[in-house]
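Below is one structure; the comments refer to it alone.
The values are calculated or read from the model by the stated rules, or taken from the named source; none is laboratory data. Computed from a prediction, not measured in an experiment: that's the story for all the values here. Positions of Cβ are backbone-derived with ideal geometry, glycine not excepted, and every protein chain shown enters the neighbour counts. Quick note on the areas: whole protein, heavy atoms, side chains included, nothing else; ligands and nucleic acids left out. Shrake-Rupley method; radii C 1.70, N 1.55, O 1.52, S 1.80 Å.
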Amino acid sequence: MIKKWAVHLLFSALVLLGLSGGAAYSPQQAEGAARYDDVLYFPASRYPETGAHISDAIKAGHSDVCTIERSGADKRRQESLKGIPTKPGFDRDEWPMAMC
């Protein structure tokens, strides 16, 4: 079962993720935001560990844009989390999210 905050996380980072060192950009700071239909901002101050993981993934070369593509999400999730063990009480963060 997905926790309520995880659902909010998924929808908060749908199109453009504005992270810089774990801090979320304000709408005025997000470069290129006008090019997208919708821009949602991840609340990195509310979820600092997840924000840091996403920020690290972007710095490592992963895209900061998430275009929704739900078909194939299960396969992408399995691939992106391969080799990362589960831990009771913890979620495994993935970026880009499997639905992207």
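Would you point out the residue of segment 33-69, among those that are in contact (Cβ under 8 Å) with a residue 12 or more places away in the chain and small (G, A, S), that is most open to solvent (accessible area, probe 1.4 Å)? Before the answer, list the steps.
Of the residues in segment 33-69, the ones in contact (Cβ under 8 Å) with a residue 12 or more places away in the chain are 33, 36-45, 47-55, 57-58, 62-69.
Those left that are additionally small (G, A, S): 33, 44-45, 51-52, 55, 57, 63.
Values: A33: 21, A44: 1, S45: 113, G51: 0, A52: 40, S55: 6, A57: 17, S63: 64 Å².
Ranking the qualifying residues of segment 33-69, first place goes to S45.
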- Go through (1) modelled with pLDDT under 90; (2) in contact with an Asp or Glu (Cβ under 7 Å, 6 or more places away or on another chain) one by one and return the number of the condition I58 breaks. (1)
- Filter segment 60-94 for residues that are out of contact with any helix residue (DSSP H, G or I) (no Cβ under 7 Å at 6 or more places or on another chain), over 23 Å from V39 (Cα atoms) and either among the aromatic types (F, W, Y) or part of a loop (DSSP other than H, G, I, E, B) (or both) and give the result. G72, L81, K82, G83, I84, P85, T86, K87, P88, G89, F90, R92
